[in-house]
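Novice: Take a look at this one; I'll ask things after.
Values in this text are rule-based calculations from the coordinates and carry no lab data. The structure presented is a predicted model; accordingly, all values stated were derived computationally and were not measured. For neighbour counting, all protein chains shown are included, and Cβ atoms are generated from backbone atoms with ideal geometry for every residue, glycine included.
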Amino acid sequence: MRSGSWGSNWQFADFSAELKTLFFVEKTEQKAHMIYNASSMMMYLILIGPTILLGMLAQWWVQSAYQKMSQVPARISGHDAARRILDANGLYDVPIEPSHGVMSDHYDPSSKVVRLSHDVYYGHSMSAVGIAAHEVGHALQDARGYAPLVVRNLAVPVANFGGSLASAIISLGVFLMIFGMFKLASWALLLAVIGFAAVVVFQLVNLPVEFNASSRAKDQLLSQGIVSSSELPYVSSVLTAAAMTYVAGTFSSVMNLIYYVLQYAMVSDRDG
Ligand SMILES: [Zn+2]
């Protein structure tokens, strides 16, 4: 479960590609609002400033929880925990592979493989078993046909396309405004708003998927005897912190969408 826009070095990586797009979108936005005028700059600071702070806070929280819980030992490795849960649920044919890259943990629904980063795969800690179980939680969702996961997987390409389209178009819109072509710029902004809306829809659909994977993870860790009920809060602290990065990311996307809707309203009011 990766959430994107804060340039972090640690996150889960369920949908890293989508969020790379978001990161790119944000970079483009930063360029865009600088060129425009002072009032939109102010609006940007008021709407987007808090989301940047919240994102940094969420990132700090997840990193500190992860580090802390890496020091608390577990009886088995992340790999063994994942294997045990998969087997107990009849998913013998879902392989677990070590993945390259720090914090690149994810479940790949197209090839039905759980991939765990080195530290999680081999680690014997509350962080390792918690993250491993979370990724297996996505495999369980997939096997059970959990509807929000199906919707999320359908939304991924739409959100990717929408996000890329929006960032390209915002650059174009700024260019048009510089040359005083406000009518065309307003059409461009409208398209960008639609693109950002697709990203927001994806993130909103993704939230219950992530919360549900974590709650499945905790149930399974307990019922398979991998963690005791007194150890469960350790695992919860990592998974809750990780979930907050999604909440922060969604909040950021929603505020960006509002910002561009307002920009659209302002530009389409002008003549040109
Ligand atoms: Zn996830």
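Novice: Which angle between 0 and 90 degrees, to the nearest 10, do you get for helix 147-178 versus the longest principal axis of the chain when only C-alpha atoms count?
Specialist: Compared with the principal axis, the helix lies near 30 degrees.
Novice: DSSP loop trypsin sites (Lys or Arg not before Pro) in region 176-272 with at most 16 other Cβ atoms within 10 Å of their Cβ, which ones?
Specialist: Values: sites: K183, R216, K218, R270; in loops: R270.
Answer by residue number: R270.
Novice: Set the Förster radius R0 to 25 Å, insert the Cβ-Cβ distance between F161 and A38 as r into 1/(1 + (r/R0)^6), and round the FRET efficiency to 0.05.
Specialist: After rounding, the FRET efficiency stands at 0.15.
Novice: If we count other beta carbons within 10 Å of each Cβ, what is the order of L221, L53, L190, fewest first?
Specialist: L53, L190, L221
Novice: Roughly how far apart, in whole Å, are the Cα centres of region 168-187 and region 34-107?
Specialist: One Cα centre to the other: 36 Å.
Novice: Could you please rank S164, S228, placing first whichever residue has the fewest other Cβ atoms within 10 Å of its Cβ? Working shown, then result.
Specialist: Working: S164 16, S228 10.
Listing S164, S228 from fewest to most nearby Cβ atoms yields S228, S164.
Novice: What percentages make up the Cα-Cα pair-distance distribution of region 44-127 when the bins are 5 Å wide from 0?
Specialist: Pair shares across the bins are 3, 14, 17, 18, 15, 11, 9, 6, 4, 2, 0.
Novice: I want to check the label-to-label distance for S111 and S230. Put each point 7 Å from Cα in the C-beta direction and report it in nm to one decimal.
Specialist: Result for the modelled spin labels: 4.2 nm.
Novice: Okay, moving on. Just grab the label-to-label distance for V261 and W60, each label 7 Å out from Cα along the Cβ direction, in nm (one decimal).
Specialist: Calculated label separation equals 3.1 nm.
Novice: Still on this structure, I have one more. Helix 38-70 versus the longest principal axis of the chain: what is the Cα-based angle in degrees, 0 to 90, to the nearest 10?
Specialist: 10 degrees
Novice: Against the longest principal axis of the chain, how steep is helix 232-268, in degrees 0 to 90 to the nearest 10, with axes from Cα atoms?
Specialist: Taking the Cα atoms of the chain, the angle to 232-268 is about 10 degrees.
Novice: Length gain on complete extension for the stretch A147 to Y92, per 0.36 nm per residue less the alpha carbon to alpha carbon distance?
Specialist: Net length gain for the segment: 17.6 nm.
Novice: Excluding same-chain pairs closer than 8 in sequence, count the lysine pairs in the chain whose Cα atoms lie under 26 Å apart.
Specialist: Lysine pair count for the chain: 6.
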